[in-house]
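Chemist: First the structure, then my questions, so here it is.
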Amino acid sequence: MPKMKTNRAAAKRFRKTANGFKRGQSHRRHILTKKSSKRKRQLRVGMMVCESDLGRLAQLLPNA
């Protein structure tokens, strides 16, 4: 039986934590001068993956 392979695209986007998976936040890469300080501050916080997506992530990252 072949080895189970990790989906490399998912591995680059999600990090395993004690409470689930952490994902990055969008709209934080460029054109930051026109965004308000409040908006940038709220985008700074790491987001957790929704519970409905955890089953799909378990298939993509079997070794996590």
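Chemist: Could you look through the stretch 22-64, keep only residues that are touching a residue at least 24 places away in the same chain (Cβ under 8 Å) and in a loop (DSSP other than H, G, I, E, B), and pick out the one that is most open to solvent (accessible area, probe 1.4 Å)?
Modeler: Only one residue tops the list, namely Asn63.
Chemist: Go through the stretch 1-17 and report how many residues are farther than 16 Å from Gly46 by Cα and either assigned to a loop (DSSP other than H, G, I, E, B) or open to solvent by 60 Å² or more (accessible area, probe 1.4 Å) (or both).
Modeler: 8
The values are calculated or read from the model by the stated rules, or taken from the named source; none is laboratory data. In this text the structure is predicted, and so the values were computed from the model without any measurement. Please note: Cβ atoms are built from the backbone with ideal geometry, for glycine as well, and neighbour counts cover all protein chains shown. With ligands, DNA and RNA removed, areas are computed over all heavy atoms of the protein, side chains included. Shrake-Rupley method; radii C 1.70, N 1.55, O 1.52, S 1.80 Å.
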